[in-house]
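Chemist: Questions regarding the structure given below will be posed in turn.
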Amino acid sequence: CVVDWRGADPVPEHDSSGEFIYLIAEYYRHTRDRTLIEQMWPRVAAAAGYLDSLRHECRTKEFEAPEKKHFYGLLPPSISHEGYSAKPVHSYWDDFWTLKGLKDAVVLAAGAGRPDLASRWTAIRDEFSRDLYASIDLVRATRGIDFIPASAELADFEVARLHTRTFP
């Protein structure tokens, strides 16, 4: 997640791939520059594929168990909110950036004239969206909260306010 004079930190953060796809899509929305899509296509496709692979880590039989059901289909634990550095958690920050990235991957695939990938990523996006919102609903119901939590484990409030402002 961080590279400095010591090298790369060995801790996971999963928000940057979705943020990258969003960046390319925003540029495309403003310029309609298909040349940029073609130049960045291998990286966009790799980022979307990586996000898809991450979500499958928690989309196994293990996460169908009642005590882990609220993690089903989410990205793996991370410290994307630096307040989680003591113990990585399933951060909805990562998941919302993943959802945004998958939405924008569909836009870019369509803009690049790749309907097959637009269709495939639409299905991935929709499945991920269902898993994400099912998790949030389950956490809210089991924890008795009336806000969108920042993480599935902690059902924390303060960071959640920032997340809901970032994603209308």
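Chemist: Listed highest first by mean packing, meaning other Cβ atoms within 10 Å per residue, what order do 107-117, 26-36, 141-151 come in? Write out the running numbers ahead of the final one.
Modeler: Values: 107-117: 16.6, 26-36: 12.2, 141-151: 14.9.
Result, highest mean first: 107-117, 141-151, 26-36.
Chemist: Less than 19 Å from a label point 7 Å out along the Cα-to-Cβ axis of ALA134: which backbone N atoms in segment 55-87 qualify, by residue?
Modeler: Backbone N within reach: 55-77.
Chemist: Report which label in (i) 10, 32, 28, 21, 9, 1; (ii) 10, 37, 33, 17, 3; (iii) 10, 41, 38, 10, 1 holds the value of P(r) over Cα pairs in 10 Å bins from 0, in percent derived from the coordinates of this structure.
Modeler: Recomputing P(r) over Cα pairs in 10 Å bins from 0, in percent here picks out (ii).
Chemist: Follow-up. Filter the GluC sites (Glu not before Pro) in segment 33-120 to those in DSSP coil with at most 12 other Cβ atoms within 10 Å of their Cβ, and list the result. Intermediate results must be reported in sequence, preceding the final value.
Modeler: On the way: sites: GLU38, GLU57, GLU62, GLU64, GLU67, GLU82; in loops: GLU57, GLU67.
Sites meeting the loop and neighbour criteria: GLU67.
Chemist: A further question follows. Treating only the Cβ of Lys, Arg, Asp and Glu as charged (+1, +1, -1, -1), what charge dipole size does segment 55-116 show about its Cα centre? Round to the nearest 20 debye. Spell out each step's value before the answer.
Modeler: Values: 9 positive and 9 negative charges, 21 e Å.
Charge dipole, segment 55-116, about its Cα centre: 100 debye, nearest 20.
Chemist: Find the accessible area per residue for segment 45-125; the probe is 1.4 Å, ligands and nucleic acids are left out, and the unit is Å².
Modeler: Working: 3440 Å² over 81 residues.
So segment 45-125 comes to 42 Å² accessible per residue, rounded to a whole number.
Chemist: Using amide H atoms built in the peptide plane, which far-off residues or other-chain residues are under 5 Å from SER151 H to H?
Modeler: Answer set, sorted by chain and number: TYR92, ASP156.
Chemist: Here is a follow-up. Given a cut-off of under 8 Å on Cα pairs at least six residues apart, what relative contact order in percent is computed for the chain?
Modeler: Across the chain, relative contact order equals 22 percent.
Chemist: At what distance in nm do the modelled label points of PHE157 and GLN39 sit from each other, each positioned 7 Å from its Cα along Cα→Cβ?
Modeler: Output for this residue pair reads 4.8 nm.
Chemist: Can you return the lysines within cross-link range of LYS69? Criterion is Cα-Cα under 17 Å, with same-chain partners fewer than 8 residues away left out.
Modeler: LYS61
The values are calculated or read from the model by the stated rules, or taken from the named source; none is laboratory data. The structure presented is a predicted model; accordingly, all values stated were derived computationally and were not measured. Every residue, glycine among them, receives a Cβ derived from its backbone with ideal geometry; neighbour counts consider all protein chains shown. SASA here: full protein model, heavy atoms, side chains in, ligands and nucleic acids out. Shrake-Rupley method; radii C 1.70, N 1.55, O 1.52, S 1.80 Å.
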